[in-house]
Every structure is written in C-alpha cells, then in structure tokens.
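The values are calculated or read from the model by the stated rules, or taken from the named source; none is laboratory data. A quick note: this is a predicted structure, and the numbers were derived from the prediction, not measured. Virtual Cβ from ideal backbone geometry, glycine too; neighbours counted across all protein chains shown. These area figures cover heavy atoms from the full protein model, side chains too; ligands, DNA and RNA do not enter into them. Shrake-Rupley method; radii C 1.70, N 1.55, O 1.52, S 1.80 Å.
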Amino acid sequence: MRILAAMSGGVDSAVAAARAVEAGHDVVGVHLALSRAGGTLRTGSRGCCTIEDALDARRAADLLGIPFYVWDFSERFRDDVIDDFVAEYRAGRTPNPCMRCNEKIKFAALLERARELGFDAVCTGHYATLVDGPDGLELHRASDNAKDQSYVLGVLTAAQLAHTYFPLGTTPSKALVRAEAERRGLSVAQKPDSHDICFIPDGDTRGWLAEKVGTATGEIVDRTGAVVGEHEGAHAFTVGQRRGLKLGAPAPDGKPRFVLEVRPVSNTVVVGPKEALAIAEIAGERFSWAGAAPTARTFACDVQIRAHAEPVPATASVTAEGVRVVPDSPLDGVAPGQTAVLYVGTRVLGQFTIDTTVSAVPVGA
C-alpha cells in the first residue's frame, strides 16, 4: 500500500512508520504543524507539535530512508479544535480536544488530503487494533490495556477506518516499543510521552481560558439555590472539581463540596456533596458508529466516559433524538461535553457527546 505516516516526533509514531516500511509498504512521512507560533518549544513531557518534535520526526524519517514533509494545518486546527474548545467552555461544557483533533484533523483533514494524493491509508502510532468482522472492519482495544487508545479513536467512522493503519495495536507493552526504537537507532526511544492539552503547554488551563473568555463575577450555590460563595468566571470550573472553590461557609455536615453543575447563562456554579456526583443516566444527540451500526434499538454494552476510566456495563437505546445510556451502576462525575464511548467486549461500537445527565441522588435525598 501507499502509506502516509503521521509522525508527531514521538517514539510511537516513529516505530509505527518503521514497521510500515519493514512490511514493504511505500511510506511517506508527514508532520503536522498545528501552531502558528513558530518558536514554540517543548517543556519536558508538556506540549507537542513543537519545533523539537518536527526535528525529531525528520530525523526518524531520514533514518528510515523515507520522504518527509511538514504540512501546515494550523488554521484548521485553530478553527476545529482550539475555537471549539473555547466555545464548549463558554457553554459550560467540558470538551476533549484530543477527540476533536482525531475527528477533525488526523482522520478527516489529513486523511482527505492523503486520499486526494493517492495514498491508501494513514498510519499513526495509536494503540488500537482493526479486525475484519462479519459486517466489515471493526475497531478494537489494543493488546496493551494500559496503553489502549481506542477511546480517543471512537469518533472514527467506518469510511475512515477503511483507510487507517495502526501497526502498534498488537504490541504487548510500551516498553517493547521503546526497546524496538533503541534497536532501530531512533533517537526518540526514551523521549517522554506528551500529556495535558498540547496547545496549553504550561498546563495552566484555567489561566489560558481566562485570557480567552475573560472573567465575570458570579455566584456559587448549593443544590437548594442558597449562595455559598463567589467566583470570577464559571468557565474555570469543571464537574467533579473540589479544590479552588473558596467557599465562604462550610457545608452543614462539614463534608467537602464538589462542583455538580456549571450554568453559563446565569454564570452560576452549583456545588454539593460527593454522593451527588453519581450519575444514573446520560444522553446525547451527536453520535457516530465505528463500523456497522447496531441492529437493535436497545442493546447491552459497556460505556466509558474518559480515556483511562473503567468501562461500566450499561444499556443503550438509540432514538430519533440520539443515544441514551443507563449504566448498571452510577457513573462518577460526568460532565456535559465529555465523550461516551460504547463497547461490546473489546470492540468499539461508537460514541456520542454527552448533552444531559441525570443524577442518581435527587435534591433533598
């Protein structure tokens, strides 16, 4: 196949490209420039898509003997990922920019250009596997459950899966990938993994959002509506947050309080006991299927609401309004804007963006 290897400058994408070459494919490497700030530098494991990352990707491509290019996707990244991130926070939601990047950039914009240029597939260093199922190609968890990235790939459609290539999915551990990189002479063998939000390399999401959204004093209330504190911007709070609330009065029972809800229209933050974070039902209108859609309108599945959360057995229903999921046991600290990924065994069925939640603990209970 003609393979376009997306090379981030990290060890995973470098080894993935190397395996594609070794498998006999015609491989071309590409690094995506996602920031207009040409002087952006990397700080340890924070940030990605920096100058250092581009140079690391080029060195890996040179070692592998494959052509290498840098493509400027910064405008598309700004529109589809950064602006979306800010808009979601303004709306009182908690977005996942990695999901949006996979959906809009790596497996939409990049794949579209790759197909236009005659490539058969885009290769990445994601830990996930593709399986030929009875109804077509299926997306499954990786062999290494600790590194499994099928959750953040849950936004891929059947058409996109048909043109993807994940060489690392069956590797038992990340340690083996690093050891392989050492054997191949790749300089990124021991490079730290990236974490946090790539376009906020200092990790100060609250400060970054304050610059983008601004500050506006508002009330912090309990579940009955009683004012218990004040804040400088609802966007700075997320469901499940405990620290930084600066409440003026303790709870009647003396227990810590957590953010239960963010109401952007009234610029209000609702707090309450930890038990009230338990969620009995979630639903969303925006959904997609990673392969063949379920044939039944109601079906048993597992639901996962974070990249490294434990999957929870649940019952899902597909209606004209979207997808509704009732977990067998309450979910903890779910926020609108998060992505719920549905599984059957190791297979990813699809995903939806959570719009509404129903607490398992009624007010006054």
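For the range 58-111, carbon and sulfur atoms together expose 47% of the accessible surface, with a 1.4 angstrom probe and every protein chain in place. Ordered from largest to smallest accessible area (heavy atoms of protein chains, 1.4 Å probe), the residues 258, 107 come out as 258, 107.
At a 1.4 Å probe radius, carbon and sulfur cover how many percent of the accessible area of the range 292-365? It is 57 percent, rounded to a whole number.
When nucleic acids and ligands are ignored and a 1.4 Å probe is applied, residue 115 ends up with an accessible area of around 100 Å². The spacing between the range 131-148 and the range 325-358, judged by their C-alpha centroids, is 19 Å. Restricting attention to the chain, lysine pairs at least eight places apart or on different chains and with alpha-carbon atoms under 28 angstrom apart total 15.
Exposure check, 1.4 Å probe, all protein chains in place: residue 1 carries approximately 110 Å² of accessible surface. Within the full protein context, the accessible area of residue 75 is estimated at about 100 Å² for a probe radius of 1.4 Å. Element breakdown for the range 116-266 at a 1.4 angstrom probe: carbon and sulfur atoms account for 50% of the accessible area.
Give me the net charge for the shell around residue 269: Cβ to Cβ below 15 angstrom, other residues only, Lys and Arg +1, Asp and Glu -1.
Working: positive: 90, 93, 206, 223, 242, 243, 246, 257, 263; negative: 219, 222, 230, 232, 261.
Net charge in that neighbourhood comes out at +4.
How much net charge surrounds residue 294 when only the other residues with a Cβ under 15 Å from the Cβ of residue 294 are counted, with Lys and Arg +1 and Asp and Glu -1? Surrounding charge for residue 294 is 0. Sparse packing (at most 15 other Cβ atoms within 10 Å of the Cβ) combined with a DSSP loop state is found for the following GluC sites (Glu not before Pro) in the range 220-296: 232, 285.
From the helices alone, meaning DSSP H stretches of at least four residues, give me the mean residue ellipticity at 222 nm for the chain, per-run term -39500 (n - 2.57), in deg cm²/dmol to the nearest 500. Before the final figure, lay out the partial values.
Details: 9 runs with 74 residues, N = 365.
Mean residue ellipticity at 222 nm (helix-derived): -5500 deg cm²/dmol.
Between the DSSP loop rule and a limit of at most 11 other Cβ atoms within 10 Å, which trypsin sites (Lys or Arg not before Pro) in the range 154-241 are left? If you can, show how the numbers build up before the last one.
Values: sites: 174, 178, 183, 184, 206, 212, 223; in loops: 223.
Filter output for the range 154-241: empty list.
Please tell me the relative contact order of the range 205-263 in percent, rounded to the nearest whole number, where contacts are Cα pairs under 8 Å and at least six residues apart.
Working: 72 pairs, mean separation 17.2, N = 59.
Computed over the range 205-263, the figure is 29 percent.
Remark: the range 224-240, residue by residue, has Karplus-estimated 3J(HN,Hα) of 8, x, 6, 6, 10, x, 9, 9, 10, x, 4, 4, 7, 10, 10, 4, x Hz, where x stands for each Gly or Pro and the curve is 6.51 cos²θ - 1.76 cosθ + 1.60 at θ = phi - 60°. Heavy-atom accessible surface of the chain, averaged per residue, reaches 45 Å², computed with a 1.4 Å probe. Once you list every other residue whose beta carbon is under 13 Å from the beta carbon of residue 221, what net charge do they have if Lys and Arg are +1 and Asp and Glu are -1? Summing Lys/Arg as +1 and Asp/Glu as -1 gives -1.
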